[in-house]
Each structure stands twice: as structure tokens, then as C-alpha cells.
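Heads up, the thing below is written out as C-alpha cells.
The values are calculated or read from the model by the stated rules, or taken from the named source; none is laboratory data. These numbers come from a predicted model, not from an experiment. As a convention, Cβ positions derive from the backbone with ideal geometry for all residues, glycine included, and neighbour counts pool all protein chains shown. Calculation scope for accessible area: heavy atoms of the full protein, side chains included, ligands and nucleic acids excluded. Shrake-Rupley method; radii C 1.70, N 1.55, O 1.52, S 1.80 Å.
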Amino acid sequence: MRKAIKTLVVAAAVTLSASVAFNAAANTEQLDQLLEQIKKERAVEGRMNQQREREFLAERSDKQAMLNTAKKEFADEEARGKRLAKAYSDNDILIAQKIQELESAQGTMGEVFGVVRQAANQTIGVITSSLISAQYPGREEPLRAIAAATELPTLSQMEDLWVAMLTEMTESAKISKFDAEVVKLDGGSSTERVTRFGAFHLTTDEQYLIRNVDTDQIQPLGRQPQAKIHESVAAYHNAAKGELAGLYVDPTKGNSLLRLNQQRSTLMEYYHQGGTVGYLITVLLFIGLLIALERFLVLTMVGGKMRSQLKNLASPSDSNPLGRILNVYHQNRSADVENLELKLDEAILRETPKIDRGIGLIKLFAAVAPLMGLLGTVIGMILTFQQITLYGTGDPKLMAGSISLALVTTALGLIAALPLLFVHSIVQAKAKSILHVLDEQSAGIVAAHAEKENA
């Protein structure tokens, strides 16, 4: 392409030069120079074309050599693949033969190997979760090599397994003390004297401990068991030498009962599950008890003053109901029997509200408390059905809070009603005894006055 362009350029130049020469009678010497230049350029261009041709031919031979080399390598790799495939097949056959020879050579020892591995695995599980490992850590490490082995165990390894099993059995029957690091619930730790009761319990001098298998650490229970169980630990450690002392033992080796105890709610937690209804029932109970206490004290003081007044009927006092009734009698001595009786009845009626004040309210609270408990039960059931509608019955824990509300409020209502009924009966009995004395004295006064009139 470039050659054609140059040719056209040269032709154009020649034509132009010819035209100029024709038209202007150009100098013949200039035309000769132009011709010489064209010849030189053609020679240079020819040499360049020959150089490019030689380079192309050289590259072509190199590519052919590379192609031949690649074909040879491909053939070599194909042959190598066939050799490897044959070797792989031969090795498979050889491995199968060797396995069969090994099984034949092992004979009954293969069964022994299986039993030893199984026993090692079981013993590792027992030792890992055992409380004895808190005192003797790392006993399971030699057994892991037996459990993971692919060959017959040695005599030494079988002795390690026997020693580990024997140690677990013998230590399960011992009560021993040792120093160990105890992780506190607040995150700190301290070295304490720990007592191990076989494989059942770890305790300090005052509380139960548990061993966290995941972290291999000793730590206190999140919540100690109920008082009589918790106090048995201190009682055991404080017992004199030779003195018998009882200790509560968890037969599940502290893995179930003691851990479940941490999830048990206390009385205060049960109380707070009653929610707002439970709090209102408590308020009713305290108000009722305060009223009952005030009435009991007041009526006791009134009864004491009336007993003093009974010993001195001639000098009535306005500080007690009997004295005020006697004053009414003294003020109406001249009245006839019927008028005097009416006056005394009126005086007793004036004293009755003061004596009976608040007693009816206690009875009302005693009746309302169970009704509020029933209200809490209904609310709890409504919430339970709402949760069942939203989440289904797959997880009972979702309904536990609402059911607790229903049951706890019912219990609180009954618990509040029982003491209120008792104190109401006591206070009402005191009030009736005072009114009975007033009625008795009033009847006696009327009778004595009637005798005087008849005389």
C-alpha cells in the first residue's frame, strides 16, 4: 500500500514536472535529478522488502519448531498419564491385598483394637465431664492418642487406659481437699480450699461449686439452693472430728439438679410475676392490716378503760363509752323507765359507729382480694391466648410469663384474703364484746331504775 502511494506521488510529481516543463520549457537538468532520486528510492524500498521477507521466513521456522516441541510434550504427557493410571490401578489392587493381609494377620487382635478404641472414647467422655478432673486435670490426654490411632495399641497405652479407669473408680469413693482457682461470678478469681465429695460435689466451706466443662474452670452456682440444703455445707465443714454431719448430694453429680436450681424463681421473683394486679392486691392487704391493727389497739384501750370504769360506776368518765352512758343515766335519773331506756339506747347507738368504724372495710378488702386475683387470672389467660395466636404453641416459654401472671395473682388474692378474714374476726369480736358490755350495763341500769320506781 505504501509502495503504491509512493508510486502515485512520484507519477504525480513526474506529470507535474512534465507539465511544468511543457508549459514553461523547464530545464532538462532538473528532470535528470528527479529521475535519479526515483531510482534511489526504488532501490531502498526493494532492500526493505527483502529484509521483511527474510524476517517473516525466520519467524515461520521458529513457530514450526515450537509446534513440533508442543506436539512432542503432549505425546510425552499422554504416555505419562497412561503410566500413572496403570500405577494407580496397580496400587489400588496392592492396597486391597495389603488390607486383607493385615486383617488376616491381626486375627482376633482386630476385635481387641476396636474394643480398646471404644473404651478409650467412653473413658475420655467420662473423665472430661468428671469432677475428679478438677483435682487431676489432663488425665484424658494419653487416651486421645489411643482413640485416634489407626494401629494396634501398645502395651503401655493399654496400661494408661487401665490406670485412667481405675483412678476414676477409686477417686469416686474418696472425699479429698485441694487448693484450686475458683472463678467468681463477678469475673475475678481466687485460690480457695475446695472439698471434693467423690464424683458428686465440689464445695468450699460455705457453698456448692460446679465445674464448667467447656472452660475447665471451677465456679460457684449462680444461685445457691434453698436454705436447708445450702446450710448443710457449712454444717458439714463445721462439724467436730468424729461427729456425724449430713450433706445433701446431687445424684446427677451436680450436672442437673444443682444447675436446674439456678433457674428456680425465688419468692420475690414469683411475687413480681403478678404484675400490677399483684401489687394492688398487696396494697389492699397492707391497708386492711393497718386498719385492723389500729382498730385492735383502739378497742383494746377502750376495753381496758371500760374495765376500770366497771370498778367505779359511781364516778363515770367521758373518756370511755361506758362512762358516757353512765353520765346519760345520771343526767336522767328523774325520768321514767321508758324514757330512760330510750335515752340509754340512743347513747349506745351513738357509741356503736365509733366502735365499729373500719371493721366493715376490712371485710370488704377480704372479699375484694380474691376477686382481684381472679381478674389477674383472666388477664393472664387473655395474654396467653394472644401469644398463642401470634406465635403458636411451639415454644412454651413464650406463654410462661402470662401463665405465671394468672397463677400468681390468684395465689396472692387468696393469701391476702386469709389474714384479712382472721383479723376481721378478731377485731369484730372485740367490738362485739364492748357493745355487749354496754348493752348489759344499760339493761342493768334500766332494771335497777324500774325497781326503784316500783318500790
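Here are a few things to note about the model shown:
- Residue that is farthest from Lys177 (Cα to Cα), among those in the range 200-237 that are in a loop (DSSP other than H, G, I, E, B), among the charged types (D, E, K, R) and touching a helix residue (DSSP H, G or I) at 6+ places or on another chain (Cβ under 9 Å): Arg223
- Among the candidates Leu94, Leu67, residue that is surrounded by 10 or more Cβ atoms within 10 Å (Cβ to Cβ), closer than 30 Å to Ile146 by Cβ and either at pLDDT 85 or above or not hydroxyl-bearing (Ser, Thr, Tyr) (or both): Leu94
- Residue list for the range 208-229, filter: over 16 Å from Arg196 (Cα atoms) and surrounded by 18 or more Cβ atoms within 10 Å (Cβ to Cβ): Pro225
- Any chance Ser190 is surrounded by 15 or more Cβ atoms within 10 Å (Cβ to Cβ) and at pLDDT 80 or above: no
- In the range 6-20, the condition of being of a type outside the set (A, V, I, L, M) and modelled with pLDDT of 80 or more is met by no residue.
- Checking each residue of the range 338-348 against the condition of being acidic (Asp, Glu), farther than 25 Å from Glu451 by Cβ and surrounded by fewer than 18 Cβ atoms within 10 Å (Cβ to Cβ) gives no match.
- Scan of the range 160-187 for residues that are open to solvent by 40 Å² or more (accessible area, probe 1.4 Å), among the acidic types (Asp, Glu) and outside any loop (DSSP other than H, G, I, E, B), ordered by number: Asp160, Asp179, Glu181
- Helices (runs of 4 or more DSSP H) fully within the range 238-353 counting 1 or more residues that are among the basic types (Lys, Arg): 257-261, 275-310, 321-331
- In the set Lys184, Lys228, Lys174, only one residue is at pLDDT below 80 and of a type in the set (Lys, Arg); that residue is Lys228.
- Filtering Lys430, Lys363 for residues that are at pLDDT 90 or above, under 22 Å from Phe286 (Cβ atoms), open to solvent by 90 Å² or more (accessible area, probe 1.4 Å) and in contact with a helix residue (DSSP H, G or I) (Cβ under 8 Å, 6 or more places away or on another chain) leaves a single hit, Lys363.
- Selection over the range 134-149 of residues that are free of Cβ contacts under 8 Å to residues at least 60 places away in the same chain and under 18 Å from Glu181 (Cα atoms) gives a count of 2.
- Residue among Ser256, Ser265 that is within 22 Å of Ile175 (Cβ to Cβ), open to solvent by less than 70 Å² (accessible area, probe 1.4 Å) and modelled with pLDDT under 80: Ser256
- Unmet criterion (only one of (1) modelled with pLDDT of 85 or more; (2) surrounded by 12 or more Cβ atoms within 10 Å (Cβ to Cβ); (3) closer than 26 Å to Leu289 by Cα; (4) not small (Gly, Ala, Ser)) for Pro353: (2)
- Test result for Tyr271, of a type in the set (Phe, Trp, Tyr) and either open to solvent by 80 Å² or more (accessible area, probe 1.4 Å) or modelled with pLDDT under 75 (or both): no
- When the range 290-325 is filtered for residues that are touching a Leu at 6+ places or on another chain (Cβ under 8 Å) and open to solvent by less than 60 Å² (accessible area, probe 1.4 Å), the ones remaining, listed by number, are Ile291, Ala292, Met306, Gln309, Pro316, Pro321, Leu322, Ile325.
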